[in-house]
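J.: To start, I am sharing the structure in question, which I have written as structure tokens.
The values are calculated or read from the model by the stated rules, or taken from the named source; none is laboratory data. Model, not experiment: these values are computed from the prediction. So basically every Cβ, Gly included, is an ideal-geometry build from the backbone, and we count neighbours across all protein chains shown. The area values use the complete protein model at the heavy-atom level, side chains included, leaving out ligands, DNA and RNA. Shrake-Rupley method; radii C 1.70, N 1.55, O 1.52, S 1.80 Å.
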Amino acid sequence: PVPGDGRFEWQGFLATSELPRRYNPPEHFIATANHNILPKGYPHTLGHDWAAPFRFRRIEEVLRSGKKFTVEDFQRLQHDETSLAARELIAMLKVAPASGGDARRMLETWDCVLGKDSAAAALFELWQRHLSTMVISATTPVELRGTVAARISHRTLLDRLSAEPASRRQAWLLKALEEATNEAEERFGEDAKAWRWGSIHQLRLHHPLALDNERRRLFDPPPVERGGDANTVNNTGGGTRQTSGASYRQIFDLADWDRSVATSVPGQSGQPASPHYSDLLPLWAEGRYFPLPYTRAAVEKHTKQKLVLEPR
């Protein structure tokens, strides 16, 4: 924090040649996912608030496969829900002393995909929340715990765990898993087959004019279940209620612009009575796309409706 009297404001813009950049990288792609893009030793201050690198690393993992990618491949990648953060945490669990029973086996045999229908995904999300609370309580002064809990990233949590003696780290992992299992049974029932991440992880779009039940029925689309979390390529962060992520996605085929596609939410119209007010929500929630034509002929081919505004 600094005084807001102007002495500490940025002055002008950096030259393009001084900005981080890549030109014809040997891996043949450039990817970013809100992570820290600054090269080591970079001399300028461009920002301090970066996302953990898990999403970028997953994109990189997929793109480094060396295959030739199609538009459909990129649709799947934009909605990829494989959690590299879960892989790291479960790797720590696997070397802990034998304990945890069925819940532990569920996590250790899981593919680390945070699908909305996944029981293991639901357990994992509860587990990491209990674990984060436990680590913060053990390592942070009481007066700072709320602030740290609101800002701590999964990367910071993993680094903190790695720095602890193995015995302490493993005790935390197993105790947090026990607490998460108890919570899962309270929330979903004792039958683990009935546990589902999407049943508690949802998107609820709320219109600012929806101030009572009648207006909510008019303005607010129905909630939709979501997979993923803040650390998956399909970014659905915010805890059990998604509050961040992409509302609009697009994929351009530079060899044939008319093969480009997009997805958006909730619809193209801002009028609640319009059939296009929220008709894109089901497609968006399912990771489906609509055509994004470029040439006049293709646009006219896909046109369903025209709105003509004429002066009176």
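J.: Pairs only if they're at least six apart or on different chains, beta carbon under 6 angstrom, first in the range 199-212 and without any contact (Cβ under 8 Å) to a residue 12 or more places away in the chain and under 20 Å from residue 270 (Cβ atoms), second open to solvent by less than 50 Å² (accessible area, probe 1.4 Å) and assigned to a loop (DSSP other than H, G, I, E, B); list them, first residue then second.
T.: 210/220
J.: Residues 9, 72, 27, 61: which one is under 21 Å from residue 155 (Cβ atoms) and of a type in the set (D, E, K, R)?
T.: 61
J.: Taking only pairs six or more apart or across chains, which ones have beta-carbon atoms under 8 Å, a first residue in the range 213-236 that is without any contact (Cβ under 8 Å) to a residue 12 or more places away in the chain, and a second residue that is of a type in the set (Asp, Glu) and open to solvent by 30 Å² or more (accessible area, probe 1.4 Å)?
T.: From residues that are without any contact (Cβ under 8 Å) to a residue 12 or more places away in the chain, there are no pairs.
J.: Just name the residue that is surrounded by the fewest Cβ atoms within 10 Å (Cβ to Cβ) out of those in the range 156-174 that are of a type in the set (D, E, K, R) and either under 27 Å from the mean Cα position of the chain (by Cα) or in a helix (DSSP H, G or I) (or both).
T.: 159
J.: Filter the range 42-72 down to the residues that are within 12 Å of residue 84 (Cα to Cα) and of a type in the set (Gly, Ala, Ser) and list them by number.
T.: 52 - this is the single residue of the range 42-72 that is within 12 Å of residue 84 (Cα to Cα) and of a type in the set (Gly, Ala, Ser).
J.: Say we look at the range 23-42 and pick out the residues that are surrounded by fewer than 11 Cβ atoms within 10 Å (Cβ to Cβ) and not polar (S, T, N, Q); which of these is farthest from residue 235 (Cα to Cα)?
T.: 41
J.: Of the residues 17, 65, only one is among the polar types (S, T, N, Q), over 30 Å from residue 192 (Cβ atoms), in a helix (DSSP H, G or I) and open to solvent by less than 90 Å² (accessible area, probe 1.4 Å); which?
T.: After applying the criteria, what remains is 17.
J.: At pLDDT 95 or above and of a type in the set (Ser, Thr, Tyr): does that describe residue 264?
T.: Judged against the criteria, residue 264 is a match.
J.: Also, quick follow-up: Residues of the range 197-243 being assigned to a loop (DSSP other than H, G, I, E, B), open to solvent by 50 Å² or more (accessible area, probe 1.4 Å) and within 21 Å of residue 288 (Cβ to Cβ), which ones?
T.: 204, 205, 222, 223
J.: Right, next: Tally up the residues in the range 69-87 that are open to solvent by 50 Å² or more (accessible area, probe 1.4 Å) and not polar (S, T, N, Q), please.
T.: Within the range 69-87, residues that are open to solvent by 50 Å² or more (accessible area, probe 1.4 Å) and not polar (S, T, N, Q) number 5.
J.: Can I ask one more? Just one of (1) open to solvent by 80 Å² or more (accessible area, probe 1.4 Å); (2) within 25 Å of the chain's Cα centre (by Cα) trips up residue 46, so point out which.
T.: Tallying (1) open to solvent by 80 Å² or more (accessible area, probe 1.4 Å); (2) within 25 Å of the chain's Cα centre (by Cα), residue 46 fails exactly one: (1).
J.: Something else: Could you say which residue among 33, 121 is aliphatic (A, V, I, L, M), in a helix (DSSP H, G or I) and in contact (Cβ under 8 Å) with a residue 60 or more places away in the chain?
T.: It is 121.
J.: I'm trying to understand the selection: among the residues of the range 268-292, which are in a loop (DSSP other than H, G, I, E, B) and either among the hydroxyl-bearing types (Ser, Thr, Tyr) or crowded, with 18+ Cβ neighbours inside 10 Å (or both)?
T.: Residues satisfying the conditions are 269, 274, 277, 278, 280, 289, 292.
J.: Going through the range 101-118 one residue at a time, which ones are assigned to a helix (DSSP H, G or I) and either more than 18 Å from residue 154 (Cβ to Cβ) or modelled with pLDDT under 95 (or both)?
T.: Scanning the range 101-118 gives 101, 102, 103, 104, 105, 106, 108.
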